[in-house]
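Every number in this text was worked out from the coordinates using simple rules, so none of it is lab data. This is a predicted model, so every value here is computed, not measured. Cβ coordinates were reconstructed from backbone atoms using ideal geometry, including for glycine residues, and neighbour counts include every protein chain displayed.
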Amino acid sequence: MSIHVAIVGSGPSGLYTADALARIWPDVEIDVFDRLPTPYGLVRGGIAPDHQSTKAVARAFERTLSRAGTRFFGNVEIGRDLSYDELKAAYDVVVLSVGAEIDRPLGIPGEELPGVYGAAAFVGWYNGHPRHRELDPLLDGRALAVIGNGNVALDVVRVLAKTQAELADSDICAHAAERIGAAQLQDLYLIGRRGPVEASFTPIELAELGELGRCDIVVDPAAVAAEVGPEIPEKEVKVRQRNLEILRSFAARVGEPKPMRIHILFNAAPVALLGEQRVSGLELERTRVVGGRAEPTGERFELSIDTAVAAIGYLTGPLPGVPFDEKRGRFANDEGLIEPGVYAAGWCKHGPRGVVGTNRTDAGVLVKRIAEDLAAAPPSGGKTGTGAIDALLRERNVRVVDFAAWKRIDAAEIARALPPKPREKFVTPESLLAAAADH
Ligand SMILES: Cc1cc2nc3c(=O)[nH]c(=O)nc-3n(C[C@H](O)[C@H](O)[C@H](O)COP(=O)(O)OP(=O)(O)OC[C@H]3O[C@@H](n4cnc5c(N)ncnc54)[C@H](O)[C@@H]3O)c2cc1C
């Protein structure tokens, strides 16, 4: 008897889970659903367009999706086209791997002002996520602040600081490349509530800032004099020390001034975004770090800015019927188990942390658990997977984008790109579905 599995979300966590399942049960039937007509989640819509080598993991995911017994159901949203209960009725195992696509709010006054964006929306805009195509961010001013001290914040400042030539071999969408190319930005502020030791940058990404052709990096040498203290976990110490070395090397740089600057500001907690018609300033409060936490000092200052991007984390959106942990902003689960037969994987399970490869290790652990649960309570054999689901989707006139249709989108995007650009993405649902059509 073959086991029928539904995986909701075709990002790294869903596809590594599919791969691990097929290694244990070669005849498993897996249906992978995604609300977008395109697979691969943040590999397509999150990872920076100039990080093509990281995006190359899509080739391994392609092999996973093209395995006999695995079917891709693109353009099918669970909670809209099919319900959670319908999946549970049709499949022996349901794995939710929908990621964390909502920006964690800053929770300060002025956040709703025009010119203030969350990183999910901003990154989605330059990466061609259909939901964010219309963002049209205000990039007409001189100064922009990115709030956050992780790799996503680094991605945003780096992409904005690159010249058109530096982005030429990236897959940044044409609409974004044009807007960034026309921008007159001079000062980009990268703002962290805590100190340089606590920043969660990875050294390779931090060092990349130093390679930008038209941009200086401004760091106060006094701010990076700190040493890694005993509160930092042993396995993190090397990375944090390396970050400090890189920051010190930035602080020590001399040379001809360049037309743009990235100011890296530590120990500065956002208090309010200021402005009337649109954002015009950011009020900050100096902090000191005590026991790894930022404590306010009462000393405030303001930056004059024209745009702000908040990159302070992501939340999972609730899905009707799925138990939800409101406090943490993710599905309620116990080591991946949501309820019998239903599991969570990736960012909707444990929140937005880790790199693509982390999901592979996690998938191995989750699939081991699924195997143990199935051994303890074997499926009755009454669930037929795709059969029931196909009928529902037909009845509801859902235009399913299968793997062959995705490959048509893929080929069309590659064909229409001007070299050295690897692809020119379609960015609206209509253009994606038109490219998916089998003429
Ligand atoms: C801006 C950014 C840059 C990053 N850069 C890097 C990097 O350079 N290197 C690196 O290793 N890692 C990077 N990461 C981390 C990496 O992208 C994540 O670890 C990984 O994508 C998490 O995988 P996931 O499957 O949990 O979620 P996701 O990749 O978000 O996949 C979730 C999928 O679920 C789908 N979905 C959501 N809701 C539904 C629904 N209701 N029905 C059907 N489908 C649904 C979505 O469309 C999406 O395809 C980056 C992350 C971000 C945010």
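Couple of notes before you dig in:
- Share of Cα-Cα pairs in the range 137-187 lying beyond 12 Å, as whole percent: 65 percent
- Radius, Kirkwood style, for the range 132-218 when every pair of distinct Cα atoms is counted (Å): 13.9 Å
- Per residue, the average separation of C-alpha pairs within less than 8 Å and at least 6 apart gives the chain a relative contact order of 24 percent.
- In summary, the helical segments of the chain meeting the span-like criteria, namely a full DSSP H run, a Cα extent along the axis of 30 angstrom or more and a mean Kyte-Doolittle hydropathy of at least -1.0, are 356-376.
- For the range 87-127: rounded, prolate or oblate by the Cα gyration tensor [a/c cutoff 1.5]: prolate
- P(r) tail, the range 18-151: Cα-Cα pairs separated by more than 18 Å, 65% of all pairs.
- Proximity of backbone amide H atoms, modeled 1.01 Å from N, is registered between Ile3 and Glu29 at under 5 Å, excluding neighbours fewer than 5 places apart on the same chain.
- Our note on the geometry: Cα centres of the range 30-60 and the range 299-323, 23 Å apart.
- The local environment of Phe426, defined by Cβ-Cβ distances under 13 Å, has a net charge of +1 under the rule Lys, Arg +1 and Asp, Glu -1.
- Close Lys-Lys pairs in the chain, where close means Cα under 21 Å and separation is 8 or more or interchain: 14
- Exposure proxy ranking, count of Cβ atoms within 10 Å, fewest first, for Lys383, Lys425, Lys327, Lys368: Lys327, Lys368, Lys383, Lys425
- Ascending count of other beta-carbon atoms within 10 Å, so fewest first, for Trp25, Trp406: Trp25, Trp406
- For the range 373-416 and the range 86-143, distance of Cα centres in Å: 25 Å
- Distant alpha-carbon pairs in the range 1-83 (separation over 19 angstrom), percent: 37 percent
- Under the criterion of Cα pairs below 8 Å and six or more residues apart, the relative contact order for the range 104-313 equals 32 percent.
- Mean Cα-pair separation over length for the range 1-154, i.e. relative contact order, pairs under 8 Å, 6 or more apart, %: 27 percent
- Each 10 Å bin from 0 upward holds the following percent of the Cα-Cα pairs of the chain: 4, 20, 29, 25, 15, 6, 1, 0.
- If the segment from Asp169 to Ser249 were pulled out straight at 0.36 nm per residue, it would be longer than the present Cα-Cα gap by 26.0 nm.
- Globularity index of the range 104-313 is 0.99 (Cα radius of gyration / 2.2 N^0.38 Å, N = number of residues).
- Neighbour counts of C-beta atoms inside 10 Å place Ser249, Ser170, Ser280, Ser380 in the sequence Ser380, Ser249, Ser280, Ser170, starting with the fewest.
- Taking N as its residue count, the alpha carbon Rg of the range 253-405 over 2.2 N^0.38 Å: 1.63
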